[in-house]
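Notes to accompany the following structure.
The values are calculated or read from the model by the stated rules, or taken from the named source; none is laboratory data. Just so you know, these numbers come straight off a predicted model, no measurement behind them. FYI the Cβ positions are ideal-geometry reconstructions off the backbone, even for glycines, and counts take in every protein chain you see.
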Amino acid sequence: MRTYLCIILLLTNFLTNGQETNGKFQIIRLGYTTQSRSPLTGAIIENPFSNFFINPAETYRIREFKEMDSVKFMNQAKEAEMHDPKMNRDMALYMLKTSSLDIAKMNQSFMYINSDSMKSRLHFFDFDKNEFIDVIDTLSRISWELIDSFKIIGRYNCQKAKGVTVARTYTAWYAVDIPINGGPDRIFGLPGLILEADATVVKTGEIIRFVFNKIAIPIDLPFDRLKYKFSTKTITAEENTLRSAKQLQNVKIMNKMDQ
């Protein structure tokens, strides 16, 4: 009888923690919403994401951009004025004029994250060039300090931690009973799955919140890795920054011509 109880407890632990069961890793889906607040206006932009943890090192970040989100997206972009007071308003105006907000193409965007290689790969559609591009970037290793503070998120007991990189500082809550080295977006490095986090951009003071929505172990939605294919065209994060700046400049010129 004692042997059977031990077996039951072990199986329950595997299922709860999302570890390997019968030699196969159970894919975990973490649903969350990003909330970014402008230090200039206080306006908030919200975006829903899901991170699919397909094994202990590999994660896919996916956003389902639905039709009903498009109007909300435009309104938020007009109000935000983040970094450059006119940047998002110009971009929103450009999208409205050219009708370039293609929901189907945006739905094909995703980010692949590999904590072993310390690389991420953002796959997205460049509307100006009319092609898919992959941005390859290096993950920032976060220096963490565990804090003796706990709270319940969903049904999981979570411990607080504070982290820092050159560009950001973090306050995070991770589930002590889910030993997955990951979390929302590209946040990782704690002994449990990070369910919620606040990130502060050092340079601008912008605060980005990652708010927990749900967790599914095993996943409650189908996930086909073959569906998420990389592009043959790749650029670096630095090249993408230059591309975005050039695109913004072109948008401003177009808007002035139409005035």
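Selection of strands (runs of 3 or more DSSP E) fully inside the range 123-233 by the criterion of at least 2 residues being closer than 15 Å to M111 by Cβ and at pLDDT 95 or above returns 131-138. For the range 142-174, which residues satisfy the criterion of being small (G, A, S) and buried (at least 18 other Cβ atoms within 10 Å of the Cβ)? A161, G163, A172, listed by residue number. For the range 218-242, the tally of residues that are surrounded by 13 or more Cβ atoms within 10 Å (Cβ to Cβ), aliphatic (A, V, I, L, M) and closer than 19 Å to R63 by Cα stands at 1. Among the residues of the range 143-172, those that are over 16 Å from the mean Cα position of the chain (by Cα) and of a type in the set (A, V, I, L, M, F, W, C) comprise W144, L146, I147, F150, I152, I153, C158, A161, V164, V166, A167.
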